[in-house]
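Before any comments, here is the structure.
The values are calculated or read from the model by the stated rules, or taken from the named source; none is laboratory data. Nothing here was measured: the structure is a model prediction, and the numbers come from that model. All Cβ positions, glycine included, derive from the backbone under ideal geometry; neighbour counts span all protein chains shown.
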Amino acid sequence: MFLTNVWVLSKALEFVTNNKGRPQLVYRNFLYNLDNGVPGGRQSWVCRDYRRLFCRARVITRGHHVDVRGTPHNHNSHAHIIYMKRLESCVAPSFV
Ligand SMILES: [Zn+2]
């Protein structure tokens, strides 16, 4: 049941915060950290494994529009982390 919910939610952009209160983006079962300093009302996000695995996947968002940039992820999805985040936060799905 929970896994099904994660799958459905991951099809959409979802803005969350990490455990330090920093903005994070959930998109297609991957987690992205907000990259600072993007002009023009856009937000640039880098894969959360940018430093750890040198993953260069990146997305740009403008509202709920998304533009995928960079290279494909060089690792498995973050589905398990997203799943655990949902259990910890007990946040209800934003749409069902
Ligand atoms: Zn990545």
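Some points to look at:
- Restricting attention to segment 27-39 and to residues that are at pLDDT 90 or above and polar (S, T, N, Q), the residue that is nearest to G63 (Cα to Cα) turns out to be N33.
- Residues of segment 40-78 satisfying the condition of being surrounded by fewer than 17 Cβ atoms within 10 Å (Cβ to Cβ), under 15 Å from L25 (Cβ atoms) and at pLDDT 95 or above: S77
- Failed item, numbered, when G41 is tested on (1) part of a loop (DSSP other than H, G, I, E, B); (2) within 16 Å of the ligand (Cβ to nearest atom); (3) under 16 Å from F15 (Cα atoms): (2)
- V66 within 12 Å of the ligand (Cβ to nearest atom) and not in a helix (DSSP H, G or I): no
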